[in-house]
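The values are calculated or read from the model by the stated rules, or taken from the named source; none is laboratory data. What you see is a predicted model; the values in this text were computed from it and never measured. Counting neighbours? That spans all protein chains shown, and the Cβs are built from the backbone with ideal geometry, glycine included.
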Amino acid sequence: MSNHFSIVNFRHPDSLDAGSLVSKSAIEAGAKVDVITSQKDETFSDFNYGNVDWRNILQHKHWLILSSTTVLEGNSPSSAWGASMIFGELEGTKTVMIVDMPKDNDKITEMWGQIVTRIRQIHILFFTKEALNIISALENISTSSLLSDIRIKGLVPIVCSYDEISNIAKIAHSSGELSIQLECQLTYYSWLANFIFGLSSTNPNKSEIRHAASYADNSKIAFN
């Protein structure tokens, strides 16, 4: 296990959101993951988020993994979602935001607006393929330009996506853009878990980002 690959994942208790899937793959890759969610006797939409000690939870943790859809789950999840990023920034924990499609497509604008409000607290902004297409249309920017445009305007260190059909990862970062086709077949959440693992083991310069993007190929690890 990498000492630098520690994760806090705030998620819905059903563990089916995008962040949960990434965290599960990260555990398989060797990460230590602390899961934060509502108690068994609580409803997620109105759980007592005031009991979450984010400062203590995030201390000495490398990554905070969040799903974009969590902000739509109710006032309590939305408040905890925002607070986690504030304390993550204070504690030096890097936030990974996974932009996925909500169950109700009519709420995509609300969800994206919440992300934009917090965008400078995000270190890695990842888009699923479907979300990339929808946000591209919403912003009236081509899918080929969206990652770079968001990175520049939002000052996000890394903006990326992964196409499960073509096995191509696209990454916009401070030194430019990368497009890498992997040899192994991966789900988007397995690729992102491997990417985070690779970044945890290297310095975030151009060559190391390329190495991290193809970490699954380099380590010969493939997940279902």
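Among the residues that make up segment 106-119, is at least one of them at pLDDT 95 or above and at positive phi? Looking for residues that are at pLDDT 95 or above and at positive phi, one finds none in segment 106-119, hence no.
Consider segment 156-174 and keep the residues that are over 15 Å from the mean Cα position of the chain (by Cα) and assigned to a loop (DSSP other than H, G, I, E, B). The one that is nearest to R120 (Cα to Cα) is S174.
Of all the numbered requirements in (1) within 30 Å of K107 (Cβ to Cβ); (2) modelled with pLDDT under 95; (3) touching a helix residue (DSSP H, G or I) at 6+ places or on another chain (Cβ under 7 Å), K170 misses one, and that requirement is (2). In the condition set (1) on the phi < 0 side of the Ramachandran plot; (2) modelled with pLDDT of 95 or more, G74 is compliant with all but (1). Scanning segment 12-31 for residues that are at pLDDT below 95 and of a type in the set (K, R) yields nothing. Screening A83 against (1) under 21 Å from R151 (Cα atoms); (2) assigned to a helix (DSSP H, G or I) leaves a single unmet condition, (1). Among R11, R55, which is crowded, with 20+ Cβ neighbours inside 10 Å and charged (D, E, K, R)? Among R11, R55, only R11 is crowded, with 20+ Cβ neighbours inside 10 Å and charged (D, E, K, R).
Scan segment 95-102 and tell me whether some residue there is out of contact with any helix residue (DSSP H, G or I) (no Cβ under 6 Å at 6 or more places or on another chain), assigned to a loop (DSSP other than H, G, I, E, B) and surrounded by 15 or more Cβ atoms within 10 Å (Cβ to Cβ). Within segment 95-102 (the criterion being out of contact with any helix residue (DSSP H, G or I) (no Cβ under 6 Å at 6 or more places or on another chain), assigned to a loop (DSSP other than H, G, I, E, B) and surrounded by 15 or more Cβ atoms within 10 Å (Cβ to Cβ)), the answer is no, since none of the residues qualifies.
Only one residue in K107, K61 is touching a helix residue (DSSP H, G or I) at 6+ places or on another chain (Cβ under 8 Å), free of Cβ contacts under 8 Å to residues at least 60 places away in the same chain, in a loop (DSSP other than H, G, I, E, B) and among the charged types (D, E, K, R). Which one? Spell out the reasoning first.
Numbers: K107 fails: in a loop (DSSP other than H, G, I, E, B).
After applying the criteria, what remains is K61.
Is there a residue in segment 33-45 that is closer than 20 Å to S200 by Cβ, within 13 Å of the chain's Cα centre (by Cα) and touching a residue at least 24 places away in the same chain (Cβ under 8 Å)? Within segment 33-45, not a single residue is closer than 20 Å to S200 by Cβ, within 13 Å of the chain's Cα centre (by Cα) and touching a residue at least 24 places away in the same chain (Cβ under 8 Å). Of all residues in segment 136-151, those that are free of Cβ contacts under 8 Å to residues at least 40 places away in the same chain have Cβ atoms under 9 Å from Cβ atoms of residues that are assigned to a loop (DSSP other than H, G, I, E, B) and aliphatic (A, V, I, L, M), 6 or more apart or on another chain, in D149/I141; I150/I141; I150/V156.
Name the residue that is surrounded by the most Cβ atoms within 10 Å (Cβ to Cβ), counting only residues in segment 126-149 that are assigned to a helix (DSSP H, G or I) and of a type in the set (A, V, I, L, M, F, W, C). Spell out how you get there, then give the answer.
So the first thing to find is which residues in segment 126-149 are assigned to a helix (DSSP H, G or I), and the list is 129-139, 143-149.
Now restrict to residues that are of a type in the set (A, V, I, L, M, F, W, C): 131-132, 134-135, 137-138, 146-147.
Details: A131: 22, L132: 20, I134: 18, I135: 22, A137: 13, L138: 13, L146: 22, L147: 25.
By that ranking, first place goes to L147.
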